[in-house]
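Asks: One structure, pasted below without further comment.
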Amino acid sequence: MKGEPWRIKMVEPIPRLSREEREARLEMAELNVFRLSSEDVMIDLLTDSGTGAMSQAQWAALLEGDEAYAGSRSFAALKEAVEAVTGFSHFFPVHQGRGGEKILIPHLVQRRGPYVLGNMHFDTTRAHIELAGGKPLDFLTPEAKDLESLYPFKGNADVEAMEAFIQEVGPNQVALVILTLTCNSVGGQPVSLANAREVARLCRTYDIPFFLDAARFAENAFLVREREKELAEEQIGDIARRFFDLADGFLMSAKKDGLVNMGGLLALREEELYWELAPAVIALEGYLTYGGLSGRDMAALAVGLKEAVDPHHLAQRTGQVRYLAHLLEGEGIPFQKPPGGHGVFVEAGRFLPHLTPEDYPGVALAAALYLEAGVRGVEVGTFMMGRDPETGKERRAPAEFLRLAIPRRVYTDRHMEDVAEGLFHLKRRAPQIPGVKVTQEPHALRHFLASFAWKGT
Ligand code: F0G
């Protein structure tokens, strides 16, 4: 069967806005797509986080949610699912991924040392490391920066460079290592099991805690099954488990592969660390058996975690990403290749070659695509990377992307055709698209809050 592996049971109308209306809305939003109302967006590819559609089984579970403050039945269901899918039995529910980051990272930075190494940290992870006085460092495999290269594991960490750094500063200066599956900021690119094993070995050798950022663990498992020979015959769930088995713990924003609209997990192998963190969880998130989530949210997550590893779901999802990529390829629109798990990352820098990184081509292209087609994507590039808090200097991203992140089980392939068409039209007018200048910038997490104007206006 070629079609989507689900039927649509409830629909949400898509707003229609004229070009003039979109111009007015974008101006009011000061060219920052985060400040648009969703009522003004026709196809929303801002994020795949918390924007998916739940299944009927999840909605059914929701109705049976147990809202007891302590020891709820829904927590027990979640515990059963977490153990079955990840093998971890010590975990805290948290309100979303960054809730877990806030609990774990300051503790390890204070106890061990400032450096937090990874393939490439997500922006909230980077922010939590810096807020804790730590230093986030990315050791991404160099192939990831060559967007045309078909290297299959562009999410891999550069283990040699990591090891050299650990030897230089001393292992006790490293708070932890976080391997992000898939690596979001570089295109939803997978990390191979071989690479995860190497990183785990490195962490064991130097006695450094090894954590996964497992927000997209199922998409990672699906992509490595296709690309890593030794895994070709394995079940997705078993592959995911092999990754979890390597780690001392994981952070998970459940809003992605957990298939829920809100929620997260922080899991730990060691019971001792669980109890060390427990008071902070109670103070910041909630009691240990709810951690900031309603019972019904945990009930839906318990179902979502299992649905996440369904191969039919993952084939449709990655297939839709590839379909959009295939359409763009046909018109010579550059993007990170091969396409990853949760979206297409258009290379705004090459789409708008007359712009420099200081013109923020990803921000400009996001604004232009909204005007053209009512499609909302987002910059993942130099503007999102922000500034080094010590020097105030901008951090240069590996590439200037416009991310088109596809929500799970929400849009059809026909919508992808609308998105592609918007970009085709823009391509013809690319030389006329100006860069943007920043008119207001907050001191941190600037991409969410900044204001822009077109250059030359
Ligand atoms: N880690 C990764 C890899 C993420 O992509 C995100 C969120 C988080 C952690 C934080 O999780 O949002 O639940 O607090 N990514 C979203 C995105 C926001 O659009 O990519 P959260």
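Asks: Could you give each residue of region 294-303 its phi-based ³J(HN,Hα) in whole Hz, using Karplus coefficients 6.51, -1.76, 1.60 with θ = phi - 60°, and x for Gly or Pro?
Replies: With coefficients 6.51, -1.76 and 1.60, one gets 6, x, 5, 5, 5, 5, 5, 5, 4, 6 Hz.
Asks: Enumerate the amide H contacts of PHE335 below 5 Å, restricted to partners 5 or more residues apart or on another chain; note that Pro and chain-start residues carry no placed amide H.
Replies: Placed amide hydrogens put GLU347 under 5 Å from PHE335.
Asks: Stretch GLU148-TYR206 to full length: gain in nm at 0.36 nm per residue minus the Cα-Cα span?
Replies: Separation in residues times 0.36 nm, less the Cα-Cα distance, equals 17.4 nm.
Asks: Would you work out the charge dipole size for the chain about its Cα centre, treating the Cβ of every Lys and Arg as +1 and the Cβ of every Asp and Glu as -1, and quote it to the nearest 20 debye?
Replies: Taking the Cα centre of the chain as origin, the dipole is about 500 debye.
Asks: Now, a different point. How large is the dipole of region 80-228 about the Cα centre if only Lys and Arg carry +1 and Asp and Glu carry -1, each at its Cβ, rounded to the nearest 20 debye?
Replies: Approximately 380 debye in magnitude.
Asks: Work from the charge dipole of the chain (Cβ charges, +1 for Lys and Arg, -1 for Asp and Glu, about the Cα centre) and give the residue of LEU445, THR457, ALA364 farthest towards its positive end.
Replies: Projecting each Cα onto the dipole axis, the largest value belongs to THR457.
Asks: Could you give the semi-axes, largest first, of the ellipsoid that matches the chain, computed as the square roots of 5 times the alpha carbon gyration tensor eigenvalues and rounded to whole Å?
Replies: For the chain, the ellipsoid semi-axes come out as 33, 26, 22 Å.
Asks: List the aspartates and glutamates whose Cα sits under 12 Å from the Cα of LYS135, skipping any in the same chain fewer than 8 residues away.
Replies: Within the straight-line limit of under 12 Å, LYS135 reaches these aspartates and glutamates: ASP388, GLU390.
Asks: Any chance you could tell me what percent of the C-alpha pair distances in region 56-307 go past 32 Å?
Replies: 18 percent
Asks: Same structure, new question: Please work out the Cα center distance from region 145-212 to region 254-333, rounded to the nearest Å.
Replies: Their Cα centres are 21 Å away from one another.
Asks: Out of all DSSP beta bridges in region 56-307, what portion is antiparallel? Express it as a percent rounded to 5.
Replies: So the antiparallel bridges in region 56-307 amount to around 45 percent.
Asks: Along the charge dipole of region 1-128, pointing to its positive end and built from +1/-1 on Cβ of Lys, Arg, Asp and Glu, which listed residue (ASN119, GLY100, MET42) has its Cα farthest out?
Replies: Of ASN119, GLY100, MET42, it is ASN119.
Asks: Pull up the cross-link candidates among the aspartates and glutamates for LYS102, meaning alpha carbon to alpha carbon under 15 Å and not fewer than 8 places away within one chain.
Replies: The qualifying aspartates and glutamates are ASP123, GLU130, ASP213, GLU276, GLU285.
Asks: Could I ask something else about it? Find the centroid of the Cα atoms in region 214-242 and in region 33-48, then give the distance between the two in whole Å.
Replies: So the two Cα centres are separated by 31 Å.
Asks: To the nearest 20 debye, what charge dipole does region 56-307 have about its Cα centre, counting +1 at the Cβ of each Lys and Arg and -1 at the Cβ of each Asp and Glu?
Replies: Computed charge dipole of region 56-307: roughly 320 debye.
Laboratory data are not the source of any read-out in this text; all were calculated from the coordinates shown. What you see is a predicted model, and the numbers here were worked out from it, not measured in a lab. As a convention, Cβ positions derive from the backbone with ideal geometry for all residues, glycine included, and neighbour counts pool all protein chains shown.
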